[in-house]
Amino acid sequence: MKGARETKRVSNPNPIRVDEFDLVWEKRHPVFVDWRKELKGISVSVWATPGKTRELILDVHFAGFGVDHMPNADQWNQVLAQAIRSAMEAGWDPLSRGSAFRHVAGERP
């Protein structure tokens, strides 16, 4: 159908609950130190409902959360929840619509 928007398909959704929001996230790509190619963090997409609510593109830098490499599963859920809260404080509304909201979380000042 011409003019219809295609719903964003998430190939491998991972659920996470942050405060009162049930969200899903998907890995986009690793974040590296520019010239050394050392893993610095990870970029993920987060939605309440893919294709229906505003996407959060979240670059999570591990060092800001006290880990220097990919955290284990339990740590990752805590790091990701904290990063999502940081994005909400910066203005991302999980239930809003519109173009993607990009946020960098965990950078050291």
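When only residues in the range 50-84 that are β-branched (Val, Ile, Thr) and within 9 Å of the chain's Cα centre (by Cα) count, which is farthest from Arg97 (Cα to Cα)? The selected residue is Val60. Quick check on my filter: what residues within the range 57-75 are charged (D, E, K, R) and free of Cβ contacts under 8 Å to residues at least 40 places away in the same chain? Answer for the range 57-75, where residues must be charged (D, E, K, R) and free of Cβ contacts under 8 Å to residues at least 40 places away in the same chain: Asp68, Asp74.
Is one or more of the residues making up the range 35-56 basic (Lys, Arg) and touching a residue at least 24 places away in the same chain (Cβ under 8 Å)? Yes, the range 35-56 has at least one match. When Lys37 is tested against (1) closer than 17 Å to Pro94 by Cα; (2) out of contact with any Gly (no Cβ under 7 Å at 6 or more places or on another chain), exactly one condition is not met: (1). Look at (1) among the aromatic types (Phe, Trp, Tyr); (2) modelled with pLDDT under 95; (3) under 14 Å from the mean Cα position of the chain (by Cα) and you find that Trp92 fails only one, number (2).
If you go through the range 79-109 and keep only what is exposed (fewer than 14 other Cβ atoms within 10 Å of the Cβ), within 18 Å of Ser43 (Cβ to Cβ) and of a type outside the set (Lys, Arg), you end up with Ala90, Ser99, Ala100, Glu107. Residues in the range 21-34 include at least one that is out of contact with any strand residue (DSSP E or B) (no Cβ under 8 Å at 6 or more places or on another chain) and at pLDDT 95 or above.
The values are calculated or read from the model by the stated rules, or taken from the named source; none is laboratory data. Given the structure is predicted, the values throughout are model-derived calculations rather than measurements. Note that each Cβ is placed from the backbone with ideal geometry, even for glycine, and that neighbours are counted across all protein chains shown.
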